[in-house]
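Since the structure comes first, as structure tokens, the remarks are kept for the end.
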Amino acid sequence: MAVFTRGFGGRRQREAEELPPGQYLADGFPVLSAGPTQYVDTDDWSFTITTETGERSTWSWQDLLAMPVEDVTVDIHCVTRWSKLETRWRGVPVDAFFEDVESTSEYVMAHSFGGYTTNLPLEDLLDGKAWVVFEYDDDPLTPEHGGPVRLLVPHLYFWKSAKWLSGFTMMPSDEPGFWEGFGYHNYGDPWREERYDGD
Ligand SMILES: Nc1nc2c(c(=O)[nH]1)N[C@H]1C(S)=C(S)[C@@H](COP(=O)(O)O)O[C@H]1N2
Ligand SMILES: [Mo]
């Protein structure tokens, strides 16, 4: 009981002090998708990085499971103002995919099954800042939350964490993804409240 009370107090403390500006703590785990939920079998899933020269590297579900896996506990922040603290994921750091990819491009377009896209600087995906995840809270990632595999980029607003991830295209110059083309901020740092174009 004492442990529970202390833990709860700690969480409340975090809520007050550690939410980015304009965010509130979500109840549960909201689902936000611009289109219909995609149902992709692990047998049909693959992830392809296409470079500026057209070179392609592809990983199957089996390839993914053979890669170095990490457990990560991170806070996530949606531009619609909900945040969730200490969410638990399992996946492969994006760095591992780039070990065998040769590219001079500094920008990445993440692609999803279903057609969603979002753009990111390559450096925001590397050095342990982003993961290709397939479990949430010790269970396989559900289709609603982007399973079998989604991108996780917790230091940016959650629209950058593409659900139903299918690939990266390397871009020599930056281009807007889906929401970025509809007026969302190009970069999306929650601590600077970069919600919309011009913020
Ligand atoms: N493919 C795809 N990925 C997506 C989206 C989407 O519509 N399609 N929505 C984004 C937005 S705006 C948010 S807040 C999160 C929501 O993830 P969740 O439904 O798991 O909470 O997914 C992001 N990734
Ligand atoms: Mo969002």
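Report, in degrees rounded to the nearest 10, the 0 to 90 angle that the Cα long axis of helix 2-18 makes with the longest principal axis of the chain. On a 0 to 90 degree scale, this one is about 60. Note: the stretch 85-199, Cα convex hull, 106 Å³ per residue. Size of the stretch 154-196 from its Cα atoms: along the principal axes, largest to smallest, the extents are 27, 22, 18 Å. Per-residue extension of 0.36 nm, minus the Cα-Cα distance of ASP174 and ARG192, leaves a gain of 4.4 nm for this segment. With the convex hull of the Cα atoms taken as the outline of the stretch 83-138, the averaged projected area works out to 5.1 nm².
Two decimals is fine: what's Rg over Rh for the stretch 15-86, C-alpha atoms, Kirkwood radius as Rh? Intermediate values should be presented prior to the final figure.
Details: Rg = 17.5 Å, Rh = 16.0 Å.
The Rg/Rh ratio comes out at 1.10.
Shape index of the stretch 122-182: Rg/Rh, with Rg the Cα radius of gyration and Rh the Kirkwood radius from the inverse mean 1/r over Cα pairs, equals 0.98. For a bin width of 10 Å, list the pair-distance distribution of the chain built from all Cα-Cα distances, rounded to whole %. For the chain, the binned pair fractions read 9, 35, 37, 15, 4, 0 percent.
Every number here is computed from the coordinates shown, using simple stated rules; none is lab data. The model shown is predicted, which means the values in this text are computed figures rather than measured ones.
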